[in-house]
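What follows is a short report on a single structure.
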Amino acid sequence: MLDRHLHPRVKPALNRLVSVLDKPGITPDGLTLAGFAIGLLALPFLALGWYPAALVAIVLNRLLDGLDGALARRRGLTDAGGFLDIALDFLFYALVPFGFALAAPAENALAAAWLLFAFIGTGSSFLAFAALAAKHNIDNPGYAHKSFYYIGGLTEGTETIALFVLCCLFPAHFTLFAWIFGALCWLTTTTRIWSGYVTLKSLTR
């Protein structure tokens with residue numbers, strides 16, 4: 001919901017930062033992999049209850065995720081880079097709830113499972129429509145900066161990162177945040193499936 005409003009405001013700052021990183025030895029895919037490696041650290045940090053350290057890893061992961069896209073746009077977007085970016089993003093999103101489950105299984109595991117279940121809904125509806133949108137050459141005016149067609153909803157990247165930040169700042173309330181956000185994810189999934197179906201159905205008329 002917030003992505004299309006936030007990205008135009010963040011993009012100039014990312015472009016300024018990436019102009020410093022635009023060196024021969026630095027590639028968009030390299031930044032993607034570096035960001036994912038840092039993001040992986042959030043899992044043991046969360047499992048150990050080191051929430052401030054996990055928060056730093058999450059924020060750095062998202063920063064590098066923005067920078068890899070900015071550098072890719074500067075040099076030219078590629079399908080391989082777009083695939084790598086989205087695949088690792090989904091893995092990163094999944095490891096954070098798993099980390100909270102490991103931190104306190106008795107208290108967090110059920111809510112973490114609910115959140116992961118909801119992420120499957122938002123992720124599958126996103127990727128399924130993206131594949132068919134590419135097949136039918138459907139324009140993507142709202143998210144022109146994305147390598148994949150990006151169908152929006154209540155819970156997008158910005159909202160998900162806000163959730164992770166809140167959970168790290170207030171880990172005792174993880175279950176409440178997870179149950180609420182999971183419900184919002186299912187609202188997003190429902191609207192995406194309906195919108196995607198109607199859009200694709202209209203192409204066969």
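The values are calculated or read from the model by the stated rules, or taken from the named source; none is laboratory data. Since the model is a prediction, treat every value here as computed from it, not as a measurement. Because the Cβ atoms are built from the backbone with ideal geometry, glycine has one as well, and the counts that use them run over all protein chains shown. Side chains are part of the model used for accessible areas, which takes the heavy atoms of the whole protein and leaves out ligands, DNA and RNA. Shrake-Rupley method; radii C 1.70, N 1.55, O 1.52, S 1.80 Å.
Looking only at residues of region 152-194 that are of a type in the set (G, A, S), in contact (Cβ under 8 Å) with a residue 60 or more places away in the chain and assigned to a helix (DSSP H, G or I), we find that the one that is surrounded by the fewest Cβ atoms within 10 Å (Cβ to Cβ) is A183.
Taking the stated definitions as given, is G69 open to solvent by less than 50 Å² (accessible area, probe 1.4 Å) and in contact (Cβ under 8 Å) with a residue 60 or more places away in the chain? Let's see the steps before the verdict.
On the way: open to solvent by less than 50 Å² (accessible area, probe 1.4 Å): yes; in contact (Cβ under 8 Å) with a residue 60 or more places away in the chain: yes.
Yes: the conditions hold for G69.
The conditions of being touching a Pro at 6+ places or on another chain (Cβ under 6 Å), hydroxyl-bearing (S, T, Y) and in contact (Cβ under 8 Å) with a residue 12 or more places away in the chain are met by Y51.
Please state which one of R62, R16 is of a type in the set (K, R), modelled with pLDDT of 90 or more and open to solvent by 30 Å² or more (accessible area, probe 1.4 Å).
Working: R16 fails: modelled with pLDDT of 90 or more.
None of the other options fit; the residue is R62.
Residues that are under 19 Å from T158 (Cβ atoms) and surrounded by 14 or more Cβ atoms within 10 Å (Cβ to Cβ) do occur in region 96-111, at least one of them.
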